[in-house]
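These notes concern the structure reproduced below.
Quick note: the coordinates plus some simple rules give every number you see, no bench work behind them. The structure displayed is predicted, hence computed values, not measured ones. Positions of Cβ are backbone-derived with ideal geometry, glycine not excepted, and every protein chain shown enters the neighbour counts.
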C-alpha cells in the first residue's frame, strides 16, 4: 500500500505514536471537502533532528515570539490547505497544532484589527487588518487561520472526509514535510491549462503526458531535513489498470526524453577525435545511470521515486 511506501524506518514509543495519531485526526477533521491540496510541516520534529544542532533555533524562537506571538519550535504540526478558487477569490487556510496551550489573544497585535473577539452567529474569531483573513481557536492547542470563507468551512461538521482529508489519513508518514495534491479533482483544470503547451510536443510525448494526468489519482512529495536528506515522489493510480497505464506512460516519456537528450548532446561532438568519442561514451553512461535512478518503483497502485 502507498501508506507503507512513505513510512520511514523510525522507532516511536507509544506516547509519540498516540500524539501523532491525535494530530493527524485533528488535521483530517479540519480539512474541508473541497480542499485541493495539503502541505504538512513538522517544525518541532525538524528542530529536534541531528542536522539542526548548529541551527539558530533560539533566534527562530525569539523571532516567532516577537513578531507572531508563537514559538515556532512548539508547533507539532502545521497543515496548509488550499481550496478551489471561487467568486470571492483564492481560498486557503492552515491548522496549527502546538505542544502546549496557547491563547490567540496573545498574538502580536499587529496581526489583528484591534477589535477583539468577534462573532458570526456562534462562530467566534479574531480578524486581521485584512478583513477577509481571520483566526479561530479550536481548542487550547489548536488554532486555524485563513480566509474567512475557508476557515468557516474548516470548522463546519462533515458526515465523512473529502478526498484530501482521506489522503491525509491514509498517507502515514514521518517525513518532515509532505505535500499532497488531489490530481483527480484538478484534472479538468490541468488538462485545460496544458492543452496549448501539449500541442507543441511531439504527438507520442503529448499522448503520454495526457495519459499521466488522466490516470494519476493523487501526487505526494515527502522531504526529510532533520536527520537525513531524503526526497520521495509518489504518483498513485485509482485502480490497478490506471496504474498500469500510468507506469507505461512514464516509462515511454522518460525513454523518449533521454533519447532526445543523448542525441542532441552527441550532435555537438561529431568529430572523430578521441576526446569527442570519450564524451559520447560518457553521455551513454550518464543516460543509463539516470534511467535507473529516475525509474519509479511500483508498490501496489503507487509509483515511488526516491531521490
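Measuring how big the chain is from its alpha-carbon positions, Rg and Dmax come out at 23.4, 81 Å.
The Cα atoms of segment 125-241 define a convex hull whose projected area, averaged across directions, is 11.7 nm². Per-peptide packing, taken as the mean over residues of other Cβ atoms within 10 Å, places 80-88, 261-269 in the sequence 80-88, 261-269 from highest down.
If contacts are Cα pairs under 8 angstrom and at least 6 residues apart, what is the relative contact order of segment 183-306 in percent?
Value for segment 183-306: 25 percent.
Our note on the geometry: Cα centres of segment 135-201 and segment 234-278, 32 Å apart.
The value of relative contact order for segment 54-139, using C-alpha pairs under 8 Å at least six residues apart, is 19 percent.
Under the √(5λ) rule applied to the eigenvalues of the Cα gyration tensor, what semi-axes describe the equivalent ellipsoid of segment 2-181? Give them in Å, descending.
26, 22, 14
For Cα pairs less than 8 Å apart in space and 6+ apart in sequence, what is the mean separation divided by the residue count of the chain, i.e. the relative contact order in percent? The value is 20 percent.
Take the alpha carbon gyration tensor of segment 19-83, find the square roots of its eigenvalues, order them as a ≥ b ≥ c, and report rounded if a/c is under 1.5; if not, report prolate when a/b exceeds b/c, else oblate. It comes out prolate by the Cα gyration axes. With helices as the sole contributors, the chain gives -13500 deg cm²/dmol at 222 nm; each DSSP H run of n ≥ 4 counts as -39500 (n - 2.57), and the sum is divided by every residue. Based on alpha carbons, the Rg and Dmax found for segment 211-253 are 12.8, 37 Å.
Calculated on the Cα set of segment 183-306, radius of gyration then Dmax: 17.6, 54 Å.
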